[in-house]
1. Could you tell me which numbered condition Arg134 fails, if it satisfies all but one of (1) in a loop (DSSP other than H, G, I, E, B); (2) among the basic types (Lys, Arg); (3) within 22 Å of Glu44 (Cα to Cα)?
2. Does Phe222 qualify as being more than 15 Å from the chain's Cα centre (by Cα) and within 21 Å of Lys166 (Cβ to Cβ)?
3. Scan the range 138-178 residue by residue and report those that are in contact with an Asp or Glu (Cβ under 6 Å, 6 or more places away or on another chain) and closer than 27 Å to Glu126 by Cβ.
4. Test each condition in (1) part of a loop (DSSP other than H, G, I, E, B); (2) surrounded by fewer than 17 Cβ atoms within 10 Å (Cβ to Cβ) for Ile155 and report the one that comes out false.
5. When the residues of the range 184-236 are narrowed to those that are touching a residue at least 24 places away in the same chain (Cβ under 8 Å) and among the hydroxyl-bearing types (Ser, Thr, Tyr), which ends up surrounded by the most Cβ atoms within 10 Å (Cβ to Cβ)?
6. With respect to Glu44, is the statement that it is at pLDDT 80 or above and either outside any strand (DSSP E or B) or touching a Leu at 6+ places or on another chain (Cβ under 9 Å) (or both) true?
7. Give just the number: which of (1) within 20 Å of Cys86 (Cα to Cα); (2) assigned by TED's automatic domain parsing to the domain that holds Trp102; (3) out of contact with any strand residue (DSSP E or B) (no Cβ under 6 Å at 6 or more places or on another chain) does Gly118 not satisfy?
8. Can you tell me which residue is modelled with the lowest pLDDT among those in the range 52-102 that are small (Gly, Ala, Ser) and within 24 Å of the chain's Cα centre (by Cα)?
Amino acid sequence: MEVYYGFSLDLTPGVRCMLYNKTLIQEEKKMCKTDNTWGIQVIETALQYANHEWTATEHNVLHGFDPDGVPVDTPDVTWKGEVLDCGWWKVGTVNKGVACGWGNASTIEEFDAGLLEGKLAGNVPEDKSRMGSRHSVGVDCSGLLTRCWNLPKKIATRDIPNYANKILLEEIRQGDVFAKVGSHVMFFIEFLDDEMKRVSIVDSTRSTGKVSVRELDVAELFASDYEVYRKKLEIN
């Protein structure tokens, strides 16, 4: 009996093709359990945002309305809101971490080019119902997700279930996220203890005003309705 890729040639071509494709999918899933090259690359990209160094000028600062009439507050040291206290970057010095930009999903290259063009370095509105500004550059939490997961378009946190599946905490690995759908998302880096009680994450948030690495309590995350998500295999 002749064999083709492990399947008998006595089978019809259609059946052979179906079995072959099924085997490829099974092998892909098996590989994903052991080979997490993609997830490691995701975190490397996120950390590039967290560690990126840049310098701003006065042209990158705004506390007022942009040319479209959209209110903007850049997270520079001259700003302090009524709720948020995340003003951090300074004009004329080296700053570390791409600025949080509400509604933005800039690549690092777009961020740097935008600064040179005089665009605004981030935008951290206290009112989450505000529109984003097309005159600012940076990334919000879902913008960072869009770039690191290489999604086809900028998404919002409410869209995460369309692009990812829920998984158990015990299954989490680099490339996966903690997400509170409709609110916030952050990338898992590693557990900080054997009991999986503390975790290192990287995210972009208005409370810090930038992309940064933080340490959080896992129990507090779940108590705040966060869940663990993994990107769907078929999403490119």
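The values are calculated or read from the model by the stated rules, or taken from the named source; none is laboratory data. Keep in mind that this is a model prediction, so the values were computed, not measured. For neighbour counting, all protein chains shown are included, and Cβ atoms are generated from backbone atoms with ideal geometry for every residue, glycine included.
1. Result: Arg134 fails condition (3) only.
2. On the way: more than 15 Å from the chain's Cα centre (by Cα): yes; within 21 Å of Lys166 (Cβ to Cβ): yes.
Yes: the conditions hold for Phe222.
3. Of the residues in the range 138-178, the ones in contact with an Asp or Glu (Cβ under 6 Å, 6 or more places away or on another chain) are 141, 166.
Matches in the range 138-178: Cys141 only.
4. Evaluating Ile155 over (1) part of a loop (DSSP other than H, G, I, E, B); (2) surrounded by fewer than 17 Cβ atoms within 10 Å (Cβ to Cβ) leaves (2) as the failure.
5. Ser204
6. Values: at pLDDT 80 or above: yes; either outside any strand (DSSP E or B) or touching a Leu at 6+ places or on another chain (Cβ under 9 Å) (or both): yes.
So Glu44 passes the test.
7. Gly118 satisfies all of (1) within 20 Å of Cys86 (Cα to Cα); (2) assigned by TED's automatic domain parsing to the domain that holds Trp102; (3) out of contact with any strand residue (DSSP E or B) (no Cβ under 6 Å at 6 or more places or on another chain) except (1).
8. Going through the range 52-102, the residues small (Gly, Ala, Ser) turn out to be 56, 64, 69, 81, 87, 92, 97, 99, 101.
This time we only want the ones that are within 24 Å of the chain's Cα centre (by Cα), so: 56, 87, 97, 99, 101.
On the way: Ala56: 98, Gly87: 92, Gly97: 98, Ala99: 98, Gly101: 97.
Among them, the one singled out is Gly87.
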